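Note sheet for the following structure.
The values are calculated or read from the model by the stated rules, or taken from the named source; none is laboratory data. Predicted model, so just to flag it, every value in this text is computed and none were measured. Cβ sites come from the backbone with ideal geometry, for glycine too, and all protein chains shown count toward neighbours. For accessibility, only protein heavy atoms count, side chains too; no ligands or nucleic acids. Shrake-Rupley method; radii C 1.70, N 1.55, O 1.52, S 1.80 Å.
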Amino acid sequence: MKLIFASVLSILAMAHAAEVEPNRQLQTVTPPIVKFGKDLGVVSQSSSHSEGTASNAYDGNTNGNWVHGDAVQNSVSHTLDTVGDEWWQVDLSAGIGEPVVITHITIYNRQDCCWDRLIGATVHLLDVNGQDITPTSVNNVLTGSTAAQDIVFFPAVPNVAVVKVVQTADTALQLAEVDIFGYERTTWTTFAERASDGTFTTSFS
């Protein structure tokens, strides 16, 4: 309740400032798209093979070459193939503190071999209750290509807590990197500054 009251007071104060400053205008805008970094999420996977930990696919490194016996240099996640449905996921709401809006996801496959293990794997968006909210209109099936594959959500999907990759085939799931793009809030209330031509321009820092 205190946070809501403080937010209301903040917006009222901004509105008052806009009234007394004709060169500033209060606007509600969509935030700029950002890539969620490795510090903004809690990663896990169904199982781990050798040094192929879940965090390898969310460390900012797209190198898809598996490095045997080197947990420091290796940057590919790798599950076992004995559990059944293998999965990898990142809980963004746990890292950020609230669900986010997702615009697109880029999946990087392993490069040195075995890229076909990613064929048929699917990318899912889950809400805070674990319900799958992936739009049915989106092709979320991975091809197993050595090239990076983009999954685009248009319009963007709000209220996403978890991004999950699932492989139901009888094989291991391995990922070089999962890049996730979007923004933390649906809209921002901020000031726009009047430019020299009389129009208002919103800038983000």
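How big is the charge dipole of the stretch 41-142 about its Cα centre, in debye rounded to the nearest 20, if each Lys and Arg gets +1 on its Cβ and each Asp and Glu gets -1 on its Cβ? The partial results should precede the final answer.
On the way: 2 positive and 12 negative charges, 34 e Å.
Charge dipole of the stretch 41-142: 160 debye, to the nearest 20.
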Report task. For residue 98 and residue 48, calculate 0.36 nm times their separation in residues minus their Cα-Cα distance, and state this gained length in nm to one decimal. Result -> 15.2 nm
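Considering only protein heavy atoms and a probe of 1.4 Å, how much of the accessible area of the stretch 61-119 is carbon and sulfur, as a whole percent?
Details: 1250 of 2660 Å².
Carbon and sulfur together cover 47 percent of it.
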Query raised in the report: By accessible area of protein heavy atoms, probe 1.4 Å, what ranking do 38, 164 get, highest first?
Result: 38, 164
Requested in this report: Return the carbon/sulfur percentage of the accessible area of the stretch 134-177, one whole number, probe 1.4 Å, all protein chains in place.
Outcome: 54
